[in-house]
There are 2 protein chains.
Amino acid sequence: MSAEFWLTQLHENGYRITGARRAVVETIEKSTRALTPVKVYDMSRKRYRALGLVTVYRTLEKLEELHLIQRVHQPMGCQAFISAGHGHQHLLLCKKCGQVAFFEGDDLESLTKSIAKKTGYQIQDHWLQLFGLCKNCLSNQQA
Amino acid sequence: MSAEFWLTQLHENGYRITGARRAVVETIEKSTRALTPVKVYDMSRKRYRALGLVTVYRTLEKLEELHLIQRVHQPMGCQAFISAGHGHQHLLLCKKCGQVAFFEGDDLESLTKSIAKKTGYQIQDHWLQLFGLCKNCLSNQQA
DNA sequence: CACTTATTGATAATGATTTTCATTACCGAA
DNA sequence: TTCGGTAATGAAAATCATTATCAATAAGTG
Ligand SMILES: [Mn+2]
Ligand SMILES: [Mn+2]
Ligand SMILES: [Zn+2]
Ligand SMILES: [Zn+2]
């Protein structure tokens, strides 16, 4: 899943490929942690100087609409984005450095069935997110 | 868990009990759906006219600090609050009317163990939230 | 009741996101 | 390859949400 694919997706959906979009796409696509609009702006400006913050917002909007990125919710705030997982995946976030990993294979079948029965709700979606410490932060830990 | 208990909690933690706080507490404590600060403000003003929005923010802050309320994250926004569950509970939200139900009994033991092994992360917390349609919205559904 | 001081609401300040608008440049058609 | 319609851009202003300031008020202890 390369930046080129994202650009192709934009193009195939009637959006033009511009220098600004290229810079934003390349920045987010290769990041392994969630980035706020301002962070995306700062990082992308190294690739495309004339970039405006407004364009970052507009590009994020389109990438989210095409399901190429997703918003990341955290206790400290929910304005960060990261590349969307493939298929049915959830996020695992490092509380210390922000490193993000994807995981899959959660099976909530029996749980949702039981909850549906108990509450009378028809359950349609779920959000699951794990928090902890990544391998790297674990080993760099002081005693 | 009555409004009086919340007020007692505030008092026991060195906070004064005021008309403004009484109004805010009573509003949130009896709500079965997540409320934004402005919504809390509008609803509470029916109980206490002189209430200021700033005081709503300040009161929410304290109630969250005492774990009496919790922030609710949703696709449409994350600035709403609802009474905190008791013990280890998660939320089930109606996508149509916003009705909130609590549930417990999720067992993520084996999942987190397996993910920890695969990723090398030490997993500490989890967020789980279910979305669907409540009993009421289900039955009021048009064909 | 009186006094100390936390709390209040109005207002201003800040921060984040969205809108407006004139200019630029992408890209399909010729 | 050039051309032209129009999507996209960035600067600036507007809007919306949240936080800080501050003088006036009122909770609650004694
Ligand atoms: Mn899942
Ligand atoms: Mn749980
Ligand atoms: Zn959130
Ligand atoms: Zn409902």
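Any read-out appearing in this document is the output of simple, stated calculations on the displayed coordinates, not a laboratory observation. Keep in mind the model is a prediction, meaning the values are calculated, not measured. With ideal geometry, Cβ positions are generated from the backbone for all residues, glycine too; neighbour counts draw on all protein chains shown.
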All-pairs alpha carbon distance profile, the range B:92-143, 5 Å steps from 0, percent: 4, 17, 19, 14, 12, 11, 10, 7, 5, 2
Eligible lysines near A:K135 by straight Cα distance, threshold 30 Å, same-chain separation 8 or greater: A:K30, A:K39, A:K46, A:K95, A:K96, B:K113, B:K117, B:K118
The protein assembly as shown, helix-only ellipticity at 222 nm - DSSP H runs n ≥ 4, -39,500 (n - 2.57), divided by all residues, nearest 500: -12000 deg cm²/dmol
Phi to ³J(HN,Hα) by Karplus 6.51 cos²θ - 1.76 cosθ + 1.60 over the range A:97-104, Hz, x for Gly, Pro: 10, x, 3, 10, 10, 9, 9, 9
Zero-based 10 Å bins, Cα pair distances in the range A:68-107, whole percents: 27, 57, 17
Copy-to-copy label separations for A:K135, where each label sits 7 Å from Cα toward Cβ, in nm and ascending: 4.9
Fluctuation leader among A:L93, A:L66, A:L35 - chain A, Gaussian network, Cα springs under 10 angstrom: A:L66
Copies compared at B:T36 - label distances in nm, ascending, label defined 7 Å from Cα in the Cβ direction: 2.0
Within chain A, percent of DSSP bridges classed antiparallel, to nearest 5: 75
Phi to ³J(HN,Hα) by Karplus 6.51 cos²θ - 1.76 cosθ + 1.60 over the range A:123-132, Hz, x for Gly, Pro: 8, 10, 10, 8, 10, 9, 8, 10, 10, x
For the range B:85-143: relative contact order, % (alpha-carbon pairs under 8 angstrom, 6 or more apart): 42
Loop-located GluC sites (Glu not before Pro) in the range B:35-143 whose Cβ has at most 14 other Cβ within 10 Å (DSSP): B:E104
Estimated translational D of the range A:1-94 in µm²/s (Stokes, Kirkwood radius over Cα pairs; 20 °C; 1.002 mPa s): 160
Chain A - percent relative contact order, Cα under 8 Å, separation 6 or more: 19
Calculated label separations, B:A84, copies of the chain, 7 Å along the beta-carbon direction, nm: 3.4
Those residues of the range B:40-56 whose amide nitrogen sits under 16 Å from the label point placed on B:R33, 7 Å along Cα→Cβ: B:40-44
Quarter of Cα convex hull surface for the protein assembly as shown, i.e. mean projection, nm²: 20.1
